[in-house]
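What follows is a single structure, written as structure tokens, with notes after it.
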Amino acid sequence: MQSSVFNELGLDHHFTESFYTRSGPNVLRGMHLQLAPADGAKLIYCLEGAILDLALDLRPKSPSFGTYCAFELSGETPAAVYIPQGVAHGFYVRNAPALMMYHVSSEYNAQLDSGVHWNSFGFKWPCLEPLISPRDESLPLSPSFLTQRAAT
């Protein structure tokens, strides 16, 4: 990771927190984001296994608001995905165990933890019955913060 490359692209690269997750077969995590003022950019990559990674734009003033992008990431192919602040993130494990590394430009704040239900925005996941955590299963289908933020 070179600061000069991030600077040339105009991307936030002052990461204040790093962490990893390990997920088993058929696990789906997401779609997660932090609300302001704890929202931050993420740089993510897969160190082991393989995932289908997904980013969902929840920035109301963005021209791509409500759209998503999917990426294949694996420990075999060196690649990273930059997720801007205001964009929800999730993934599905294709090859387990999947070891994911995160560098985040803001520190986690449980009170500002939010997201969108994994099956509520039209993306066709590769599995109809993935393993979902209770936290992720309880994420809202139509988050109120979207309409609140769109009005501002």
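The values are calculated or read from the model by the stated rules, or taken from the named source; none is laboratory data. Source: prediction; values computed, not measured. Neighbour counts run over all protein chains shown; Cβ positions are idealised from the backbone, glycine included.
Taking the condition of being charged (D, E, K, R) and farther than 24 Å from Thr16 by Cβ, how many residues in the range 35-73 meet it? Counting residues in the range 35-73 that are charged (D, E, K, R) and farther than 24 Å from Thr16 by Cβ gives 3.
Out of Leu47, Leu54, one residue alone is surrounded by fewer than 21 Cβ atoms within 10 Å (Cβ to Cβ), in contact (Cβ under 8 Å) with a residue 40 or more places away in the chain and in contact with a Gly (Cβ under 6 Å, 6 or more places away or on another chain). It is Leu47.
For every residue, the table says whether it meets (1) touching a helix residue (DSSP H, G or I) at 6+ places or on another chain (Cβ under 7 Å); (2) in a strand (DSSP E or B); (3) buried (at least 17 other Cβ atoms within 10 Å of the Cβ).
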site: Gln85; (1), (2), (3): no, no, yes
site: Ala88; (1), (2), (3): no, yes, yes
site: Arg94; (1), (2), (3): no, yes, yes
site: Met101; (1), (2), (3): no, yes, no
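Kindly indicate which of Leu28, Leu35 is touching a strand residue (DSSP E or B) at 6+ places or on another chain (Cβ under 6 Å), at pLDDT below 95 and surrounded by 15 or more Cβ atoms within 10 Å (Cβ to Cβ).
Residue meeting the stated conditions: Leu35.
Criterion applied to Lys61, Lys124 was being out of contact with any helix residue (DSSP H, G or I) (no Cβ under 9 Å at 6 or more places or on another chain) and of a type in the set (Lys, Arg), and the one residue passing it is Lys124. Can you find, within the range 103-120, the residue that is nearest to His13 (Cα to Cα) among those that are surrounded by fewer than 17 Cβ atoms within 10 Å (Cβ to Cβ) and small (Gly, Ala, Ser)? Looking at the filtered set, the residue picked out is Ala110.
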